[in-house]
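Here's the structure we're looking at; comments come further down.
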Amino acid sequence: MLSIKNLHASVEGKEILKGINLEIKAGEVHAIMGPNGSGKSTLAQVLAGNDAFEVTSGSVTMHGEDLLEKATEERARDGVFLAFQYPVEIPGVSNLQFMRTSVNAMRHHRGESEMNAAEFMKMAREISKQVDLDPAFLKRGVNEGFSGGEKKRNEIMQALMLQPKLAILDETDSGLDIDALKVVSDGVNALRAEDRAILMVTHYQRLLDHIVPDFVHVLAEGKIVKSGGRELALELEERGYAWLGIKDDETAASSALSNSAN
Amino acid sequence: MKPAPSLLSSAFLQPAGQALPAPLLALRKQRGAALVDMPMPTRKTENWKYSSKYLKLTDEMAVSLPTAGKTGSALAVPGYKVAFINGVMVPEASEYPDLNDILIQRFSDLSDAEASELAERLDSTLDAKAVQFAGLNTARFEDGLVIRLKPGAVLDQPLFIIHEVTADASGSAFPRIFVEAGRNSQVTLVEEFISSGQEAVFVNSVTEFTLAEGANVTNIRLSMGGENVQHIGATGVTQQRSSRFESHCVGFGGPLRRHDLRVRLEGKGAECKLNGVVVTQDTQHYDNHTTIEHVAPNCDSEETYRNIAADKSHAVFNGRIHIHPDAQKSNANMSNKNLLLSTGAEIDTKPELEIYADDVKCAHGATIGQLDKESLFYLVSRGIGLREANVLLTMAFINELVAQIPVDAVKDTVQIRLNQFFDQAFQEV
Ligand SMILES: Nc1ncnc2c1ncn2[C@@H]1O[C@H](COP(=O)(O)OP(=O)(O)O)[C@@H](O)[C@H]1O
Ligand SMILES: [Mg+2]
């Protein structure tokens, strides 16, 4: 489904991604782990099409099509979804208006008719319950005044609503308490499907207790330095990144010791 | 030797019609005489600093536009309607019932006694020195409208005043309105400025409101555009004890747009709320100058203005709050936010606070910015088109103010016009 080959990207002239290779097939769940600043969010943003990052070489194809030449909204309509590490607050645009515009943009792209307000409300209410958000939030500005955990649940809510082909989740577990983590991971598990791939970016391994990945990759200084099955995550938890010869500003990769929402 | 300042051309001091009661003719003449040496604003004129370059009056524009019988646009309004065409109220195009406790009269229909009383009060809400062009309106109005609400009168529907210029030839229009809201009376007055002609015209309008104790007046003012119209308008308000004035000014740019809004809180416990939205594009201009005078104690003022400038347009906001020594326990809030939609656009904003009382709450803030890139990316990452994302974010900037417009039909008119603005402003997005 997704094929990343020798991807290099830089921001403000500084190279961050230094040759990423990654193959993701439909139905698979991949986890990307790595210390702070290793380039995990950069990879996620580049895949979603943030032009603050410049792709200097390499290629990314999705379903055989060149992803990089498409505008962000086209990628989204083709099924790329990014759950942001730092979801943006947009006062003045209600969650309702935002999500409905988004859902209808996707439907329009698929040649389907627009959802009217009532149909949309029904769906939105159901999904908001699924992620344990009070439907009253729909009337508020996008992410406006949301707690960190509410923002993450809102990202998952959008993923559930848009049913993407490729869901990229950037640290969707950070800043969550145990209950919220359960809600979020239930949401992600609900997304698992044969025709969908999930790429989870995480600094910690605790999310992987709830969402069991098929593959784990370790990103360090802009390169994937090790790949393996889920046991790799467990090993990282036990031994830290140093075991791989990677510098990390925290002693262990385990979140049990830290709540830092990086 | 300094070059002599350029003066208002004497061609602009010749009113045409004489069909007014003697006291008003006398007032007009007196004001005209006072303007004989009126210097035209220049860059050095403090309150015209950013806007003088847009003012281009020619002698061809000095003549009063002919009175037109019928309006060019048969605008249906959800309420009572008074049509001002080319600066003069036209009864045939107006529709409102006989209202018992609300008098709507043309200046020309007043008795000498009534006219004499009115002449005393015209201009009383505006400071002639600060609002130079209001005096020109008084020197030039061909007719005018006085609206008097008796004590306790409540107008059950909004009263729409449609100011239209049907500019088939160059000329000027000087619409003049005086609203006297009696004790505890209530009215919503909608003023809409439109133009249906092509020739270069000058509109110089003045609307005054006096609010007696407990009166509650809402004024919606829509300046809808017209690329041929240079418009200088003024709104003056005086408020007595416990009265409330609410204003919603929505302005679309033009070759020259200037609105002075002055509110004097003269009675204890009076309150005003002033909302403003301005959008400009192409090479358009719009300049709002507001002044709130807290004269009496315990008054509240709340002012919220938003400017959006696209292309190479230019918006100006100057908000002055003056708290007089006796105005203890004043509460004044002013917020002005500005959005530049292109690097070629310009917005100048200047809050001016003069506070002479010590026990007051006064807050103000002004910002200028562009659409937030991260917000745009967030929206498009959800499949929303870039153009639509731009519109959503721009609308977000003024949503709250548009939503507060208290007449739904007006809100719709504004939204439709805004959509046209977006179509053009983001056509290349
Ligand atoms: N917008 C940006 N401008 C400048 N540097 C950036 C920007 N975004 C990320 N970086 C830098 O790129 C590197 C990788 O960051 P990031 O991808 O956010 O790492 P991670 O998500 O793995 O913590 C860091 O050194 C970070 O400082
Ligand atoms: Mg990150």
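Using the basic label-point model (7 angstrom from Cα toward the beta carbon), what is the A:GLU12 to A:ASN116 distance in nanometres?
5.1
Would you grab the residues whose amide H sits under 5 Å from the one on B:CYS272? Only those 5+ places off in sequence or on another chain, please, with H modelled 1.01 Å from N.
B:PHE245, B:ASP300, B:SER301, B:GLU302
Provide the net charge surrounding A:ILE16, with neighbours chosen by a C-beta distance below 12 Å and charges set as Lys +1, Arg +1, Asp -1, Glu -1.
Result for the neighbourhood of A:ILE16: 0.
Hey, which of these cross-link pairs are over 21 Å Cα-Cα: A:LYS40/A:LYS247; B:LYS49/B:LYS411; B:LYS329/B:LYS350; A:LYS18/A:LYS40?
The answer is B:LYS49/B:LYS411; B:LYS329/B:LYS350.
Which order do A:TRP243, B:TRP48 take by accessible area at a 1.4 Å probe, largest first?
A:TRP243, B:TRP48
5 Å is the cut-off here: which amide hydrogens, built 1.01 Å from N in the peptide plane, fall below it relative to B:VAL190, excluding neighbours closer than 5 in sequence?
Amide H neighbours of B:VAL190: B:LEU159, B:PHE160, B:ILE161, B:ILE220.
Which ³J(HN,Hα) values in Hz, rounded to whole numbers, follow from the phi angles of region B:211-218 under the Karplus curve 6.51 cos²θ - 1.76 cosθ + 1.60, where θ = phi - 60° and Gly and Pro get x?
10, 6, 3, x, 5, 9, 10, 10
Taking only the Cα atoms of region A:2-261, how large is their convex hull per residue, in Å³?
Considering the Cα atoms of region A:2-261, their hull volume per residue is 123 Å³.
Can you compute 3J(HN,Hα) from phi for each residue in region B:142-156, using the Karplus curve 6.51 cos²θ - 1.76 cosθ + 1.60 with θ = phi - 60°, rounded to whole Hz and x for Gly and Pro?
7, 7, x, 9, 10, 10, 10, 9, 5, x, x, 5, 10, 7, 6
Which residues of region A:159-183 bury at least 30 Å² of accessible area once all protein chains are present, versus their chain alone (1.4 Å probe)?
When all protein chains are present, not a single residue of region A:159-183 gives up 30 Å² or more of accessible surface.
Give the ranking of A:HIS8, A:HIS203 by solvent-accessible surface, highest area first, calculated with a 1.4 Å probe.
The ordering from most to least exposed comes out as A:HIS8, A:HIS203.
Please give the solvent-accessible surface of A:ASP170 in Å², to the nearest 10, using a probe radius of 1.4 Å with every protein chain present.
0
Ignoring any ligand, DNA or RNA, what whole percent of the accessible area of the protein assembly as shown comes from carbon and sulfur when the probe is 1.4 angstrom?
Looking at the protein assembly as shown in its full context, I get 48 percent from C and S.
Roughly what angle does helix A:178-191 make with the longest principal axis of chain A, taking Cα atoms, 0 to 90 degrees, to the nearest 10?
80
Counting protein heavy atoms only and a 1.4 angstrom probe, how many square angstrom of accessible surface do chains B and A bury in total, to the nearest 100? Present the calculation step by step, with values, prior to reporting the outcome.
Numbers: alone 17850 and 12080 Å², together 28130 Å².
Buried: approximately 1800 Å² between A and B.
How large is ³J(HN,Hα) for each residue in region B:352-358, as worked out from phi by the Karplus curve 6.51 cos²θ - 1.76 cosθ + 1.60 (θ = phi - 60°), to whole Hz, x for Gly and Pro?
10, 10, 10, 10, 10, 10, 9
So which residues of region A:89-116 lose at least 40 Å² of accessible area, probe 1.4 Å, when you go from the chain by itself to every protein chain present?
Listed in order, they are A:ILE90, A:GLY92, A:VAL93, A:PHE98, A:THR101.
Looking at region B:324-378 from every direction and averaging, what is the projected area of its Cα convex hull in nm²?
5.1
Can you give me the long-range amide H partners of A:ILE168? Hydrogens built in the peptide plane at 1.01 Å from N, cutoff under 5 Å, separation of 5 or more residues or another chain.
A:PHE81, A:LEU82, A:ALA83, A:LEU199
Which of the residues in region A:47-79 lose at least 40 Å² of accessible area when you go from the chain alone to all protein chains together (probe 1.4 Å)?
A:THR72, A:GLU73
Just tell me, in residue order, which DSSP H segments of chain B are both 20 angstrom or longer along the helix axis (alpha-carbon based) and at least 0.5 in mean Kyte-Doolittle hydropathy.
Passing helices, by number: B:386-404.
Could you calculate the FRET efficiency of B:SER6 with B:LYS129 from 1/(1 + (r/R0)^6), where r is the beta carbon distance between them and R0 is 22 Å, rounded to 0.05?
Step by step, r from the Cβ atoms, then E = 0.70.
Using helices alone, what [θ] at 222 nm do you get for chain B, with -39,500 (n - 2.57) per DSSP H run of 4 or more residues, divided over all residues and rounded to the nearest 500?
It comes out at -5500 deg cm²/dmol, rounded to the nearest 500.
Taking 10 °C and 1.306 mPa s as the conditions, I'd like the Stokes-Einstein D for region A:110-213 in µm²/s, using the Kirkwood hydrodynamic radius from alpha carbon pairs.
Estimated via Stokes-Einstein, D reaches 110 µm²/s.
Can you give the accessible area of B:GLU374 in Å² (nearest 10), computed on protein heavy atoms with a 1.4 Å probe?
That residue has around 120 Å² of solvent-accessible surface.
When ligands, DNA and RNA are left out and all protein chains stay put, how many square angstrom of accessible area per residue does the protein assembly as shown have with a 1.4 Å probe?
With the other protein chains kept in place, the protein assembly as shown gives 41 Å² per residue.
Could you name the aspartates and glutamates in cross-link range of A:LYS70, using Cα to Cα under 15 Å and dropping any fewer than eight places away on the same chain?
Partners found: A:ASP51, A:GLU54, A:ASP78.
Under the Kirkwood approximation for Rh and a Cα-based Rg, what ratio Rg/Rh is obtained for chain B?
0.96
Hey, rough spin-label estimate for A:ARG239 and A:MET123, points 7 angstrom out along Cα→Cβ, what's it come to in nanometres?
4.7
How far apart, in nm, are two points set 7 Å out from the Cα along the Cα-to-Cβ line at A:SER147 and at B:ILE355?
3.7
The values are calculated or read from the model by the stated rules, or taken from the named source; none is laboratory data. The structure displayed is predicted, hence computed values, not measured ones. A quick note on method: Cβ atoms are made from the backbone with ideal geometry, for glycine too, and the neighbour counts reach across all protein chains shown. All accessible areas refer to the heavy atoms of the entire protein, side chains included, with ligands and DNA or RNA removed. Shrake-Rupley method; radii C 1.70, N 1.55, O 1.52, S 1.80 Å.
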